[in-house]
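Shown next, in structure tokens, is the structure this report addresses.
The values are calculated or read from the model by the stated rules, or taken from the named source; none is laboratory data. Computed from a prediction, not measured in an experiment: that's the story for all the values here. Positions of Cβ are backbone-derived with ideal geometry, glycine not excepted, and every protein chain shown enters the neighbour counts.
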Ligand SMILES: Cc1cc2nc3c(=O)[nH]c(=O)nc-3n(C[C@H](O)[C@H](O)[C@H](O)COP(=O)(O)OP(=O)(O)OC[C@H]3O[C@@H](n4cnc5c(N)ncnc54)[C@H](O)[C@@H]3O)c2cc1C
């Protein structure tokens, strides 16, 4: 019997990988809630930071770009760097892509993956079904990887929650719940700044607590980007060009350099169009660090060290930690303990070789978990263009 390949994940990376495997005639079963990170874990009204050219979900055949979706849906084509993509349009694009190329997606969770001798992998689904896959592609993206710094986590022993004193930004799809309330947002990346702006527009009084002097900054608009540097999906710069189009050698860099670049390149910077919605509407508190947090009579209180070394307290009705995501194999609990123990890792991330293959034959990772091996481009939708055809080609050669 020919066992199928299992693709776990139905975000941009899972859908794109599945489409590429299919086009090679490989039988595939694809699992996940389509575009759920965008639908349930990002705020309604959000605009994408990536430009249209950097927001295509890569497909093996023409006709599946964002602009093609716009044509099919009869909406204005989003193509230039000045066209800003509403999240609702991007979600609809992902669902259209799924209908066209992965129509038989199975909306169930994979609860466990274990090695099955030399035959492949044993998978259990939350429907109760068990089956064997000859290879497994993990494309679970942001799921389960939201990161809360220890100083904030200590204030909420039961975990962050939108209805408690402290939450993570991934727990909000509707910021209108903060209308008329005081809110602190911790972080300085696009997610922090856009969450703050959207909450202020919904009627909240918002302060952003950001680490470091001048940490809240916004990118240059497309018409002010330096003309003599090469164009990349993220703006004009040699470094961005290299990581976007040449991620091959990334995995040969020393581990310190790889982990540092994943965090720093394309790091905290607000989108150019966010500046006027933020400045004058949201208060910024620059700090050296958040020392600790506690909850007094239900009110979260942050202890902060100012850039000048003074101690300050700051409180509000609620604190949102827009503190990002951290890949950690230990948090991917659907991978069986024996599998996780055998997997070669570097600082909690899987070590990947050519074609996104892990150290366990037949087990592949793409998207965010692959960023420590293939660079920061893997954190973004445009990473599908490099990753999906290469992963599919490797898998077809080794397990096709
Ligand atoms: C606030 C915010 C804004 C962003 N803006 C941009 C942007 O403008 N442009 C850009 O390129 N990127 C942006 N990103 C990054 C973007 O989220 C990722 O590039 C993209 O979503 C990664 O896609 P993915 O397919 O790897 O994972 P995800 O989109 O996270 O999808 C994960 C999938 O895995 C499935 N899954 C998880 N566990 C299981 C399981 N056990 N069984 C079955 N299925 C499972 C889920 O159901 C889901 O379908 C943003 C991220 C955030 C947080």
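Annotations for the structure displayed:
- Filtered residue count, the range 135-163, keeping only those that are touching a helix residue (DSSP H, G or I) at 6+ places or on another chain (Cβ under 6 Å) and over 17 Å from residue 9 (Cα atoms): 1
- Against the list (1) out of contact with any helix residue (DSSP H, G or I) (no Cβ under 8 Å at 6 or more places or on another chain); (2) within 16 Å of the ligand (Cβ to nearest atom), the condition residue 237 fails is (2).
- From 379, 340, 347, residue being touching a residue at least 40 places away in the same chain (Cβ under 8 Å), farther than 29 Å from residue 53 by Cα and either within 13 Å of the ligand (Cβ to nearest atom) or in the same structural domain as residue 117 (by TED's automatic domain parsing) (or both): 347
- Against the test of being on the phi > 0 side of the Ramachandran plot, in contact (Cβ under 8 Å) with a residue 40 or more places away in the chain and out of contact with any helix residue (DSSP H, G or I) (no Cβ under 8 Å at 6 or more places or on another chain), the options 324, 367, 298 yield a single qualifying residue, 298.
- Residue count for the range 74-102 under the criterion of being assigned to a helix (DSSP H, G or I) and within 16 Å of the ligand (Cβ to nearest atom): the result is 14.
- Among the residues of the range 322-335, the ones that are within 12 Å of the ligand (Cβ to nearest atom) and part of a loop (DSSP other than H, G, I, E, B) come to 7 in all.
- Filtered residues of the range 301-321 (kept if surrounded by 15 or more Cβ atoms within 10 Å (Cβ to Cβ) and either on the phi > 0 side of the Ramachandran plot or within 16 Å of the ligand (Cβ to nearest atom) (or both)): 320, 321
- Here the range 350-376 is the region considered, the condition is being near the ligand (Cβ under 10 Å from one of its atoms) and part of a loop (DSSP other than H, G, I, E, B), and the residue that is surrounded by the most Cβ atoms within 10 Å (Cβ to Cβ) is 367.
- Filtering the range 141-175 to residues that are assigned to a strand (DSSP E or B) and within 16 Å of the ligand (Cβ to nearest atom) leaves 146, 167, 168.
- Evaluated against (1) surrounded by 15 or more Cβ atoms within 10 Å (Cβ to Cβ); (2) modelled with pLDDT under 95, residue 80 falls short on exactly one condition, (1).
- Flag for residue 71 being over 23 Å from residue 143 (Cβ atoms) and in a helix (DSSP H, G or I): yes
- Tally, over the range 10-40, of residues that are near the ligand (Cβ under 7 Å from one of its atoms) and farther than 11 Å from residue 102 by Cβ: 8
- For the range 124-140, the candidate set comprises residues that are under 23 Å from the mean Cα position of the chain (by Cα) and not in a loop (DSSP other than H, G, I, E, B); within that set, the residue that is nearest to the ligand (Cβ to nearest atom) is 138.
- Beta carbons closer than 6 Å, at least 6 apart along the sequence or on distinct chains, pair a first residue in the range 93-104 that is closer than 15 Å to residue 38 by Cα with a second that is in a helix (DSSP H, G or I) for 93/66; 93/69; 96/69; 97/15; 98/15.
- Selection status of residue 394, closer than 29 Å to residue 2 by Cα, touching a helix residue (DSSP H, G or I) at 6+ places or on another chain (Cβ under 6 Å) and more than 16 Å from the ligand (Cβ to nearest atom): yes
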